[in-house]
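Engineer: Following this message is one structure expressed as structure tokens.
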Amino acid sequence: MPKGSPELTNARKEEIITACRKLYETMSFKDITIKEIGQQTSFTRTSIYNYFETKEEIFLALFAQEYDLFTEDLDGLCGRTGKLSLEELASELARALERRPLMLKLLSMNLYDMEANSRMDRLVEFKKAYGASKDALERCLETHCPGLGEKERQTFLYAFLPFVYGLYPYTVVTEKQRQAMKEAKISYVYMSTYEMAYAFIRTLLKGLQ
């Protein structure tokens, strides 16, 4: 790690992560390189290695930021005055997912590559961000579904989390994929992230009440 103030270190890390975020809007994960990221920053490519050893570590830091934002949404939901109805809670959770398309994309498409090519300490940092969102989700259930016991909350979490893992590829479909489905004569109803998440969460909560 280069010498300098913590403020400078954090600012440079943030610049690197922001550059990665920008590139990922138009490029695929496999096509983005440290060189490409360096071209988007105000310092040299080699300087990036003072902060991240691999591009996967940069993506993992970006992914952690997305989980932090998701947790903020959930904490705000926990702090609401008054208990939400089942339908209202399902809607709010679905909206929170809808606001995090980048989180859903990274989760579905690139998780294994990021984790396999990152140092353990970086992976632990990421897992803490993930764990905070899981804890916040459970607090939302405790706040707005007080009738659910610990077993029911656990059942919800371990149905919800795998569902979220596969949400992105089911709701973000390319024209090539649509054409292939059409030619294969597969009947499929395309739904938005909100529509699919709301239907799933509402059904799951109703079954646990």
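Engineer: I want to verify the translational diffusion coefficient of the range 108-209 in µm²/s; compute it with Stokes-Einstein, Rh as the Kirkwood radius over Cα pairs, at 10 °C and 1.306 mPa s.
Structural biologist: In µm²/s, the coefficient is 98.
Engineer: Using the Cα centre of the chain as origin and beta-carbon charges of +1 (Lys, Arg) and -1 (Asp, Glu), tell me which of Leu167, Tyr198, Ala132 is placed farthest towards the positive end of the dipole.
Structural biologist: Of the listed residues, the answer is Leu167.
Engineer: Under 28 Å from the Cα of Lys185, which lysines turn up, not counting those fewer than eight places away in the same chain?
Structural biologist: Lys105, Lys176
Engineer: Sort out for me the Cα centre separation of the range 131-178 from the range 1-66, rounded to whole Å.
Structural biologist: When both Cα centres are located, 29 Å separates them.
Engineer: By how many degrees, between 0 and 90 and to the nearest 10, does the Cα long axis of helix 55-78 differ from the longest principal axis of the chain?
Structural biologist: 40
Engineer: Here's something else I'd like to know. Tell me what the chain gives for mean residue ellipticity at 222 nm when only DSSP H runs of n ≥ 4 count, each as -39,500 (n - 2.57), the sum divided by the residue total, rounded to 500 deg cm²/dmol.
Structural biologist: -22500 deg cm²/dmol
Engineer: What Kirkwood hydrodynamic radius do you get for the range 1-51 when you take the inverse of the mean 1/r over all pairs of distinct Cα atoms, in Å?
Structural biologist: Computed over Cα pairs of the range 1-51, the Kirkwood hydrodynamic radius comes out at 11.3 Å.
Engineer: When ranked by the protection proxy of mean other Cβ atoms within 10 Å per residue, highest first, what sequence do the peptides 113-124, 184-195 form?
Structural biologist: Numbers: 113-124: 15.2, 184-195: 10.9.
Taking the mean over residues of other Cβ atoms within 10 Å, the ranking is 113-124, 184-195.
Engineer: If packing is taken as the average number of other Cβ atoms within 10 Å across a peptide's residues, how do 126-139, 39-52 rank, most packed first?
Structural biologist: Details: 126-139: 17.4, 39-52: 14.1.
Result, highest mean Cβ count within 10 Å first: 126-139, 39-52.
Engineer: Mind counting lysine pairs for me in the range 1-51? Cα separation below 15 Å, and the two need to be 8 or more apart along the chain or on different chains.
Structural biologist: Eligible lysine pairs with Cα atoms under 15 Å apart amount to 4.
Engineer: Now, a different point. In square nanometres, what is one fourth of the surface area of the convex hull spanned by the alpha carbons of the chain?
Structural biologist: Here the figure is 13.9 nm², rounded to one decimal.
Engineer: Considering the dipole of the chain built from charges on the beta carbon (Lys and Arg +1, Asp and Glu -1) around the Cα centre, which of Asn50, Ala90, Asn110 is farthest to its positive end?
Structural biologist: Asn110
Engineer: Need one number: nm distance between label points at Ala180 and Thr81, each 7 Å from Cα along Cα→Cβ, rounded to one decimal.
Structural biologist: Here the modelled spin labels are 5.2 nm apart.
Engineer: Report the paramagnetic label zone for Lys30: residues of the range 105-130 whose backbone N is under 19 Å from a point 7 Å from Cα along the Cα-to-Cβ axis.
Structural biologist: Hits in the range 105-130 for Lys30 at 19 Å: 105-118.
Engineer: For the chain, give the magnitude of the charge dipole about the Cα centre (Cβ charges: +1 Lys/Arg, -1 Asp/Glu; no others), in debye to the nearest 20.
Structural biologist: About 380 debye.
Engineer: Something else: What is the dipole size for the range 1-51, taken about its Cα centre, with +1 at each Lys and Arg Cβ and -1 at each Asp and Glu Cβ, in debye to the nearest 20?
Structural biologist: 140
Engineer: Hey, which lysines would be in cross-link range of Lys151, C-alpha to C-alpha under 28 Å, not counting anything within fewer than 8 residues on its own chain?
Structural biologist: Once the sequence-local lysines are set aside, what remains near Lys151 is Lys83, Lys127, Lys128, Lys134, Lys206.
Each reported figure results from applying straightforward, stated rules to the coordinates on display, with no laboratory input. It should be emphasised that the depicted structure is a prediction, and the values quoted were computed from it without experimental measurement. Here Cβ is always computed from backbone atoms with ideal geometry, including for glycine, and neighbour counts include all displayed protein chains.
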